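Following: one structure in structure tokens, then a few remarks.
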Amino acid sequence: MVFIALLVVALCCAAARANTGAILMYHHVSPTVQPGPYARALTVTPAEFEQQLRWLRGHGCELVTVKQVWSDTVHAQLAPCEVALTFDDGYVDVATYAIPLLARYGGLGTLYIATGFVGSADHMTVADLRAANLAGHEIGAHTVNHVDLTKLSYARAYHEIDASAAALRLWLGSPVSSFAYPSGKFDRQIADAVRTLHFDNAVTTNPGHLAASENPYELPRYRVMHGQGMPLLAQVFPQAAGATADWEVTTHVARERIAGNDLQTAEAIAVALLARKFPEQILKVHVVAVQPATVAGIVLSGVKFHAVMDRRRFERDVQQMVGVTFSAAPRVDEVDVWATVPIQVHSGAIVSGDYATPTAKTVFSAAVVRTAQAAQTDGWILGVTYWDRQWL
């Protein structure tokens, strides 16, 4: 009997520790809460959103795209707590408030865009979408006119789905693999149309955790409502309580590696970069704010890598670092990245002061100005770069 009791306890504990994947749904992230119960319910303030991000990160949750969380679910590779944050309709406040906060906490999200409203009042522009895409966020389709697809003819519904994805592919130059049903309205015929148009998945507004047995065109999502986010997180991720070590360590390490006269911005950048776990070791993040410009400098080790490295991968990672930095710190106007290798010096050499012997050598450098962004799918344009030939 004792053995059976212990076995039951062990099984219960294992179930409590089971890895959890879920999708959360947002609309507005704005300090202005519009009147009316519907608008109020769909508006999360930036303070609320940051509190939720801090809770998720503090409890060991990874913030990823729908594409990743669904792939990890299907392949049994879910983290203990893995969540995709999604933003419907394409409101401009998502670009203004949500994306910079996500970057600050080292997370990515999925934006579902009703393409007919892009560039109109209170909605994101094509430039906003490109910036989000370059920063690593997933851009999904949400029809052209945000209509109830179940009330349209099949031909009209098919066009709404197809045309929205086509517009996004044209603007971004990248595939569109995820779809969101407007207002969560769909039926078997609509789901079949989404599958026929070669989307990998589609999300609903039905609450629930992800499971590998799930129909990929009926993925559940939890709706985050104004003032109700924290109780929802505790309900959806009960097993995450107490798993704070990873995020605390990341924050501590970030604070040890910052410099400059704007330490708050430097910390936000360092945390965002470290949370992405780049294979290049980040030695220091400097931020210097001297009017009218704020410049961030990222110093990388040219000898310590956590993965096999070549020029192409290194350059791609640097491009992503630049995107993460600009997203985490909207005040930054320029990002300078350089890599160094140590230089051996003779015993007794002076290594500080005006006549110091150099102890490190720069083997790579690049500078990117925020306005130099281009609509490319592989990251921010690095422009003129310096590469030490011997290092290469």
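The values are calculated or read from the model by the stated rules, or taken from the named source; none is laboratory data. Being a predicted model, the structure only gives us computed values, none of them experimental. Glycine gets a Cβ as well: all are built from the backbone with ideal geometry, and neighbour counts include every protein chain shown.
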- Query: Would you call Ala95 within 27 Å of Ile269 (Cα to Cα) and assigned to a helix (DSSP H, G or I)?
  - Reply: yes
Check on Gly119, within 20 Å of Leu233 (Cα to Cα) and assigned to a loop (DSSP other than H, G, I, E, B) = no
In region 34-77, residues that are under 22 Å from Tyr112 (Cβ atoms), touching a residue at least 60 places away in the same chain (Cβ under 8 Å), assigned to a loop (DSSP other than H, G, I, E, B) and in contact with a helix residue (DSSP H, G or I) (Cβ under 8 Å, 6 or more places away or on another chain) total 1
Note on region 160-173: residues in contact (Cβ under 8 Å) with a residue 12 or more places away in the chain and surrounded by fewer than 16 Cβ atoms within 10 Å (Cβ to Cβ) are Gly173
*Any chance region 214-223 includes a residue that's farther than 26 Å from Ser153 by Cβ, aromatic (Phe, Trp, Tyr) and outside any loop (DSSP other than H, G, I, E, B)?*
yes
Residues in region 293-324 that are in a loop (DSSP other than H, G, I, E, B), more than 17 Å from Ala366 (Cβ to Cβ) and touching a residue at least 12 places away in the same chain (Cβ under 8 Å) total 2
Out of curiosity, is Ser327 of a type in the set (Gly, Ala, Ser), more than 20 Å from Asn261 (Cβ to Cβ) and part of a strand (DSSP E or B)? no
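Take Leu283 and tell me if it is assigned by TED's automatic domain parsing to the domain that holds Val318 and assigned to a helix (DSSP H, G or I).
No, not satisfied.
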Picked from region 33-91 (must be farther than 17 Å from Thr205 by Cβ and acidic (Asp, Glu)), the residue nearest to the chain's Cα centre (by Cα) is Glu62
task = Please tell me if Glu256 is exposed (fewer than 13 other Cβ atoms within 10 Å of the Cβ), outside the structural domain of Glu50 (by TED's automatic domain parsing), farther than 30 Å from Ile161 by Cβ and acidic (Asp, Glu).
result = yes
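For the structure I just gave you, tell me whether Ala131 is in contact (Cβ under 8 Å) with a residue 24 or more places away in the chain and under 27 Å from the mean Cα position of the chain (by Cα).
Details: in contact (Cβ under 8 Å) with a residue 24 or more places away in the chain: yes; under 27 Å from the mean Cα position of the chain (by Cα): yes.
Considered against the rule, which asks whether it is in contact (Cβ under 8 Å) with a residue 24 or more places away in the chain and under 27 Å from the mean Cα position of the chain (by Cα), Ala131 comes out as yes.
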Screening His75, His28 for residues that are of a type outside the set (Val, Ile, Thr) and surrounded by fewer than 20 Cβ atoms within 10 Å (Cβ to Cβ) leaves only His75
If you go through Thr357, Thr371, Thr377, the only one that is over 25 Å from Val64 (Cα atoms), at pLDDT below 90 and assigned to a loop (DSSP other than H, G, I, E, B) is Thr357
